[in-house]
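Please read the structure below before turning to the comments.
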């Protein structure tokens, strides 16, 4: 498969991602968390690439690091899918579903193409540029990602418009052409926010007073385009963002059932976590435990200590 070919064909890219989400193969999933006992393996290398990208992404969400890391997280010359069904935002306010696709051109632009395609002169660069200011108003801080599973997609046959059967799950060897593939990562995102106003009668039931510090854990599926950087190391770039309230969500803010692709993907990842005995720190009481786990993973992935410059963490969590 030519590098990035499917990502330039909207119809086939959406078909590839939705085929994977409609019929997830749990046997093609690997753990998302780093285990130093596995250092040097291809799984470990991929886990590092995903963790580093997500940590950079988190820095773009707190309003303190500008928009560059958020912008560059997305693949260029590639279509990007958004399939969000989360019912609450960073202040636990009502959030409607958002399901769309858009083009991300060179330099993360694409305004003119998207004017024609989605009816608005938008681009990843433009949207990402607005995010830090929005998050600042939400008091977004101490954003962490806990990747718990990575679903490695088979290679896609552009002519037959279908997946090529994989064998690596049986052999244990690295998937062929790993750096030309896609993977869907399942991750808990957690952060603190501050309500900017009194919230009463929210459809999502998450009411609270102005000034309240809130914890907003939710799950994300990132579509990752895998490649190798100039340094020869694996790297990933996002091409899909899908969000869920939790592992059991079946309806959106308006009570409508989730699209089958989203529902099947959520169920498959939940089944994988149950099968492997993995859980996340989702309760407010365990927020500190989640931070501690993130710091351990950060040191494994980067060999560095977390700071307010290379993570979203602030005192007293540093």
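No lab work stands behind these numbers, since they all come straight from the coordinates. Because the structure is predicted, anything quoted here is derived from the model rather than measured. Note that each Cβ is placed from the backbone with ideal geometry, even for glycine, and that neighbours are counted across all protein chains shown.
Across the chain, the relative contact order, built from alpha-carbon pairs under 8 Å that are at least six residues apart, equals 23 percent. Among the listed options (1) 28, 45, 14, 7, 4, 1, 0; (2) 26, 50, 21, 3, 0; (3) 32, 62, 6, the one matching P(r) over Cα pairs in 20 Å bins from 0, in percent as calculated from these coordinates is (3).
Using C-alpha pairs below 8 Å separated by at least 6 residues, the relative contact order for segment 1-155 is 29 percent.
Translational diffusion of segment 158-284 was estimated from the Stokes-Einstein equation, with Rh taken as the Kirkwood radius over Cα pairs; at 4 °C and 1.567 mPa s the coefficient is 72 µm²/s.
For the Cα trace of segment 13-79, dividing Rg by the Kirkwood Rh returns an Rg/Rh value of 1.05. In the chain, the DSSP beta bridges split such that about 90 percent are antiparallel, to the nearest 5.
When the inverse distances between all different Cα atoms of segment 55-204 are averaged and flipped, the Kirkwood radius reads 18.0 angstrom. Averaging the Cα positions of each part gives two centres, and for segment 135-181 and segment 49-69 these lie 19 Å apart. Summary of packing: across the peptides 148-158, 6-16, the per-residue average of other C-beta atoms within 10 Å ranks them, highest first, as 148-158, 6-16. The protection proxy used here, the mean number of other Cβ atoms lying within 10 Å of each residue, ranks peptides 304-315, 213-224, 71-82, 255-266 as follows, highest first: 213-224, 71-82, 255-266, 304-315.
Binning all Cα-Cα separations of segment 210-318 at 5 Å, short to long from zero, yields these whole-percent fractions: 2, 9, 13, 16, 21, 18, 13, 7, 2, 0.
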